[in-house]
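Written below as structure tokens is the structure these notes are about.
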Amino acid sequence: MVDWTIASLMAIHVLMAVLWTGGYLVTGMLVLPAARRNDAPGFALDVLDSLKWFAFGGIVVMGASGGGALWYLYDNELPEGLRGTALIAMMTLYGVFALTSVWSWYETKTAREASVRELPTRLKMAFRTNSLVATLLVVDAALIGYAV
């Protein structure tokens, strides 16, 4: 029989993770380079401003749904062995992703206030770091789901 509570929590968590990860990958790997090639930093900053709210919403939704799933599945006690280690890695990467999201927001705000004519290297680096951490989160999720 299907446990609809855990199914709902995991569906929300996975959907937000996919949207959040995809948003950063597309922004970091496509939008920023395209804006640079077409000399349109204003367009890129508009996209990044929109992504900021999505990222903060993702932090809240993913934290709540992931925490709820952990509490529901493991009664707030992590399993032993590889699965527990993979879950700790997931929570650590999630925290790093939250911090790099704040870093990206700060760099976007700074670039907008400075009225830059070209996108700063730090801004590109922040979004590429987010893309890397997001990819590591997806790999860890696959490890949790299929290997351990």
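We did not get these values from a lab; they are worked out from the coordinates using the rules stated. Predicted model only: the values in this text are computed from it and were never measured. Backbone-built Cβ (ideal geometry, glycine too); neighbour counts: all protein chains shown.
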Q: Counting other beta carbons within 10 Å of each Cβ, put Glu80, Glu107 in order, fewest first.
A: Glu80, Glu107
Q.
Which of rounded, prolate or oblate describes the chain when judged by the alpha-carbon gyration tensor and an a/c cut-off of 1.5?
A. prolate
Q.
How much length would be gained if the chain were fully extended between Ser8 and Ala64, taking 0.36 nm per residue of separation minus their Cα-Cα distance, in nm to one decimal?
A. 18.9 nm
Q. Under unit Cβ charges (Lys, Arg +1; Asp, Glu -1), what dipole magnitude, rounded to 20 debye, does the chain have relative to its Cα centre?
A. 620 debye
**Q.** Table column - 3J(HN,Hα) (Hz), segment 43-55, Karplus curve with 6.51, -1.76, 1.60, x for Gly and Pro
**A.** 4, 4, 5, 5, 4, 5, 5, 5, 5, 4, 5, 5, 5
Q) What list of ³J(HN,Hα) values in whole Hz, one per residue of segment 95-112 in order, does the Karplus curve 6.51 cos²θ - 1.76 cosθ + 1.60 (θ = phi - 60°) give from phi, with Gly and Pro shown as x? A) x, 4, 5, 4, 5, 5, 5, 5, 4, 4, 4, 4, 5, 5, 4, 5, 5, 5
Q | Potential lengthening between Val26 and Leu78 on full extension [0.36 nm per residue; Cα-Cα distance subtracted] | A | 15.4 nm
Q. Any idea how far the Cα center of segment 107-148 sits from the one of segment 14-77, in Å?
A. 9 Å
Q. Simple spin-label model, 7 Å along Cα-to-Cβ: Tyr146 to Met125 in nm?
A. 3.4 nm
Q. Based on the Cβ-Cβ distance from Leu99 to Ser50, what FRET efficiency comes out when R0 is 25 Å, to the nearest 0.05?
A. 0.75
Q | DSSP-assigned coil residues among trypsin sites (Lys or Arg not before Pro) in segment 91-121, each with at most 10 further Cβ atoms within 10 Å | A | Arg117
